[in-house]
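Scroll down for the structure; my scribbles are underneath it.
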Amino acid sequence: MSIFRRRGRFDEVIRRQLDLFEQDHLEVIEEVVDRLDTYNSADRDDAEDLYGAYVDAVETATELLADIRDAYARLLEEGIDEAYEEEFNRAVLKRWPPFASEIDLR
C-alpha cells in the first residue's frame, strides 16, 4: 500500500468550488455549527426541536453544494460526470463531514 494518494482528476476544480462555496455561503456553514452547538448545550426538553433546526441547516448547505456539483456535472460527458460526482462527494466528506451523508442522497 502506497502512502501517496493518487490525485483525482477533478481535485483542483473541486477545491476551487468548495473554496468559493465557503466564501459565498460562510453564513450557512456558521449556522450549521451554531445550531449544533445550541443542540449540544440544550436541556432535554428542547433537544428534539433544536436537532430538527440543525438538520434543516445541514439540508440547506447540502442543497447548495449539490447544486454546484450538479451544474458542473451537466457540462461533462456521460460516465465522466459520475466520476466527478464521486470525487466531489468525497471532498465534501473530508471538508465538512456533517454534509456528507446528505449529499449522497441528492
Dipole of the chain, positive direction: furthest Cα of 51, 41, 14, with charges on the beta-carbon: 14
Which labelled figure in (1) 30, 15, 12; (2) 19, 16, 14; (3) 35, 18, 12 is semi-axes √(5λ) of the Cα gyration tensor in Å, once derived from the coordinates: (1)
Test item: Cα-centred dipole of region 18-76, Lys/Arg +1 and Asp/Glu -1 on Cβ, debye: 380
Dipole magnitude of region 54-106 about its Cα centre (Cβ charges: Lys, Arg +1; Asp, Glu -1), debye to nearest 20: 300
Cut-off 13 Å between beta-carbons: net charge of the residues surrounding residue 49, Lys and Arg +1, Asp and Glu -1: -3
Dipole moment magnitude, nearest 20 debye, the chain about Cα centre, only Lys, Arg, Asp, Glu C-beta charged: 880
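Values quoted throughout were computed directly from the atomic coordinates according to the rules given, and no laboratory measurement underlies them. This structure is a prediction, so every number in the text was calculated from the model and none was measured. All Cβ positions, even for glycine, are placed from backbone atoms using ideal geometry, and neighbour counts span all protein chains on display.
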